[in-house]
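Okay, so here's the structure we're looking at.
The values are calculated or read from the model by the stated rules, or taken from the named source; none is laboratory data. Keep in mind that this is a model prediction, so the values were computed, not measured. With ideal geometry, Cβ positions are generated from the backbone for all residues, glycine too; neighbour counts draw on all protein chains shown. The accessibility values were calculated without ligands, DNA or RNA, using every heavy atom of the protein model including side chains. Shrake-Rupley method; radii C 1.70, N 1.55, O 1.52, S 1.80 Å.
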Amino acid sequence: MRKLSPTAWFLIVVLLVMSVFFVASLGYSDIKVKLMPALMSGLTIVLALFALIQDLKAGARQNMPTDEDGDVIEDEKIIGTPLRAYFQAFLWFAGLIALVYGLGFIIAVPLWMFVYLWRHGSQWWTAILLGVGMIVIIYLVFTTLLQIELYPGIVIEWLNRQLNP
Amino acid sequence: MNTIPALLQAFGNMFQPMPLLAVFAATIISLIVGVIPAITGALVVIMVLPFLFGADPIVAMPFLCALLASSGMGGAITSVLTGIPGDNANGPAAIDGFAMTRQGQAGRALGLAIGAAVMSVLFGVVFSILIIPLMTPILMSFKTVEMLLIILVALLFLAVLTKGSRVKGLISAGIGLTLSCVGLQQASAIARLTFGNMYLYDGIEPATVLMGILAVPTLLELQAEGVAIAPVGALAAGKLIELFKGTKELFTKHLWTWLRGTLIGYLIGIAPALGSTTAVWIAYAQAKQASKNPDEIGKGSPEGIVAPESARGVCASADLLTTLVFGIPGSSIMVVFLAAFLMMGIQPGPTLVIEHTALAFQMILTMGLSVLIGAVICYFGAPFMVRITQVSPHMLFAVLMPIIVLGAYVTREFGVDIIVIGITSLLGLSIKRFGFSAPSIILGFVMGNLFERFLVRSLDLYGVGLFWSSPTALVLSSIIVISIFWSPIKSQIERMRGGKVAAKGQSA
């Protein structure tokens, strides 16, 4: 079986999600309610199918860079930034999201900044200072000045409920 | 009151110490908050509103107008220097402005953005004062069908010009429009595509989509590449002279782009309910359509900054005019302005222009004064601001990522928005890597609700005949047909010409 290109995989995901939306849209009884989601998801499905067929016909080679003679360059480093580097960067971002969602901004931001900066060559005291400084500024601007309560995190909320029933 | 005496009185009121101080303070506040991605000008106007209760309208209303006028300028600085839109309306500037910054042209990009915005606001101020008697026929020409077709034109312009594949551009617009359907439908209050999830009843927050699709992938790219935003030596590009060069370039090379962006922004600004986010994307799409090098737009093209920034700048003054003259809010922020009027005992609408003509003129003039003050601050502050482009990518990533997550949360204070920004970022990263169109998704998403409202109403009124229901509709429908078929026809003609040239070459 031929290997699918990353674009093809993305189009398959789009097709699946839009198909779910399309089927859900058809369930609404009023035409004015279902018109827009059914029309848009339906059109997107048709276009995504067309793009997928085009991509499959062209094959994965179309997405690979070629040299002057038209031969495919296989080394991913030549293409530019490797996909792996993006993945690692996204993992750091996902880590921040998970920490904030679990522990809230007050704990997560300095903790994540410390770990991130320390792992990327900053001295430990710089990393601590920046992390703490950042959350102090965020607290002053958002909580003190703008009266916005920072998200406490589901773990901290759960602990609060346990300690203060 | 006669126009000329009212105008003179407005000038007199504007330069009194207290109103002048209020405008100066509001400009500085709005520039600062405009620079912070998580806080928009609209949010600040809402927050200061309770503090203006009982204040003199001659001081309070110009204060609000100055807040509105300059916040976008602060947002443009953030967009150009970091790639994070300071406000929803700064989205296009974040694409081309940041690309120019990465090429070491931060000063030039800032000069273009600030120059375009200032000039368009000044144009808007003068035009608004002149146009008041002509407002009614212009506003009456914007009916449901015309608004629907304007949105459709913008979506198609952006989608069909997506580099590499027009189908990918159309898929992107389709994704954006479908995602905009998530949540309660305004007309029927029926929950759609929520799958029983209470969080989705309010729909997906536009700021979350904007930051996830535009800002996060940019920062992930910086982190992955491991290099500073701009090349070494780019600090020189932030010198005052570079900013002036950028602004001069606006007059020498991009005056038509500026004028088109300004007119689009003004027309959309006076149309009720569309607002500056629509204006900037439509201007961006139009600039791409009209450009001699459409492939360059999105990669650091001055036209990609000038068109949307001029549309954004002028939109606010046009928006204000509709609110003042007709009492119809031109956008969501103008609803807050209406509340401010009522708080101060002033009834917006035609009577305002008759009974408080000087105040109406003062508010419009204040916007011009505010952007002039803002521009001076930006020009002289830019050489310091440009230093951000030399900060290590890891430091930027560490500082900006928490602000982005915070920005996603503070808009609605929903914890789930923190997860949603992760999902939209993954979508943003995918469309960036696989050649889909980020602007098309965003335009589809932000315009989805209006598009649906206009579509349903137009079908109710005219059926499929909506496309030729009026002369304006017919012109817009023709533009749609041309935008779809022009590109294939053009390439076919070029292929035929190329074939003839080759045949001639062989025979010679």
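Overview of results
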| quantity | calculated |
| --- | --- |
| Long-range neighbours under 7 Å by Cβ, at least six apart or interchain, first residue hydroxyl-bearing (Ser, Thr, Tyr) within region B:461-479, second open to solvent by less than 90 Å² (accessible area, probe 1.4 Å) | B:TYR462/B:VAL145; B:TYR462/B:SER469; B:SER469/B:VAL145; B:SER470/B:VAL145; B:THR472/B:SER141; B:THR472/B:GLU146; B:SER477/B:LEU149; B:SER477/B:PHE467 |
| Residue satisfying all of: in region B:262-306; assigned to a helix (DSSP H, G or I) and of a type in the set (S, T, N, Q); nearest to B:LEU214 (Cα to Cα) among these | B:THR277 |
| Residue within region A:53-70 that is at pLDDT 90 or above and over 26 Å from the mean Cα position of the chain (by Cα) present | yes |
| Failed item, numbered, when A:GLU157 is tested on (1) more than 17 Å from B:LEU400 (Cα to Cα); (2) more than 8 Å from chain B (Cβ to nearest Cβ); (3) open to solvent by 80 Å² or more (accessible area, probe 1.4 Å) | (3) |
| Region B:190-199, residues that are open to solvent by less than 70 Å² (accessible area, probe 1.4 Å), assigned to a loop (DSSP other than H, G, I, E, B) and either at the interface with chain A (Cβ under 8 Å from one of its Cβ atoms) or of a type in the set (Gly, Ala, Ser) (or both) | B:ILE190, B:LEU193, B:GLY196 |
| B:GLY183 open to solvent by less than 10 Å² (accessible area, probe 1.4 Å), more than 9 Å from every other protein chain (Cβ to nearest Cβ) and free of Cβ contacts under 8 Å to residues at least 24 places away in the same chain | yes |
| Answer from B:VAL420, B:VAL405 - the residue that is closer than 30 Å to A:GLU149 by Cβ, within 7 Å of chain A (Cβ to nearest Cβ) and open to solvent by less than 40 Å² (accessible area, probe 1.4 Å) | B:VAL405 |
| Residues being within 19 Å of the chain's Cα centre (by Cα) and open to solvent by 10 Å² or more (accessible area, probe 1.4 Å) - total across region B:99-124 | 5 |
| Scope region A:1-13; condition open to solvent by less than 80 Å² (accessible area, probe 1.4 Å) and more than 9 Å from chain B (Cβ to nearest Cβ); matching residues | A:LEU4, A:ALA8, A:ILE12 |
| Residues of region B:298-313 satisfying the condition of being touching a Leu at 6+ places or on another chain (Cβ under 9 Å) and under 16 Å from B:ARG108 (Cβ atoms) | B:PRO302, B:ILE305, B:VAL306, B:GLU309 |
| Residue that is modelled with the highest pLDDT, among those in region B:223-261 that are surrounded by fewer than 24 Cβ atoms within 10 Å (Cβ to Cβ), of a type in the set (A, V, I, L, M) and assigned to a helix (DSSP H, G or I) | B:LEU259 |
| Qualifying positions in region A:123-140 - more than 8 Å from every other protein chain (Cβ to nearest Cβ) and surrounded by 13 or more Cβ atoms within 10 Å (Cβ to Cβ) | A:THR126, A:ALA127, A:ILE128, A:LEU129, A:GLY131, A:VAL132, A:GLY133, A:ILE135, A:TYR139 |
| Residues satisfying the stated conditions in region A:31-48, i.e. open to solvent by less than 70 Å² (accessible area, probe 1.4 Å) and either at the interface with chain B (Cβ under 7 Å from one of its Cβ atoms) or closer than 19 Å to B:PHE454 by Cβ (or both) | A:VAL33, A:LYS34, A:LEU35, A:MET36, A:PRO37, A:ALA38, A:MET40, A:SER41, A:THR44, A:LEU47, A:ALA48 |
| Any hit, region A:14-23, residues being more than 8 Å from chain B (Cβ to nearest Cβ), farther than 29 Å from A:PHE87 by Cβ, in contact with a helix residue (DSSP H, G or I) (Cβ under 8 Å, 6 or more places away or on another chain) and in a helix (DSSP H, G or I) | yes |
| Test for B:SER470: is it closer than 26 Å to B:LEU179 by Cα and open to solvent by less than 30 Å² (accessible area, probe 1.4 Å) | no |
| A:ALA98 vs. criteria facing chain B (nearest Cβ under 8 Å), out of contact with any Pro (no Cβ under 6 Å at 6 or more places or on another chain), at pLDDT 90 or above and open to solvent by 30 Å² or more (accessible area, probe 1.4 Å) | no |
| Restricting region A:103-118 to residues that are over 13 Å from B:MET395 (Cα atoms) and at the interface with chain B (Cβ under 10 Å from one of its Cβ atoms), the residue that is most open to solvent (accessible area, probe 1.4 Å) | A:PRO110 |
| Residue satisfying condition, being open to solvent by less than 10 Å² (accessible area, probe 1.4 Å), assigned to a helix (DSSP H, G or I) and either touching a Lys or Arg at 6+ places or on another chain (Cβ under 8 Å) or modelled with pLDDT under 75 (or both), within set B:GLY91, B:GLY75, B:GLY34, B:GLY86 | B:GLY34 |
| Condition met for B:PHE397 (modelled with pLDDT of 85 or more, of a type outside the set (Val, Ile, Thr) and either touching a strand residue (DSSP E or B) at 6+ places or on another chain (Cβ under 7 Å) or open to solvent by 10 Å² or more (accessible area, probe 1.4 Å) (or both)) | no |
| Options B:PRO439, B:PRO383: the member that is under 25 Å from B:LEU200 (Cα atoms), more than 10 Å from chain A (Cβ to nearest Cβ) and of a type outside the set (Val, Ile, Thr) | B:PRO439 |
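Every residue, every condition in (1) open to solvent by 20 Å² or more (accessible area, probe 1.4 Å); (2) closer than 18 Å to B:ASP96 by Cβ; (3) aliphatic (A, V, I, L, M), yes or no:
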residue	(1), (2), (3)
B:TYR284	no, yes, no
B:GLY300	no, yes, no
B:ALA318	no, no, yes
B:THR322	no, no, no
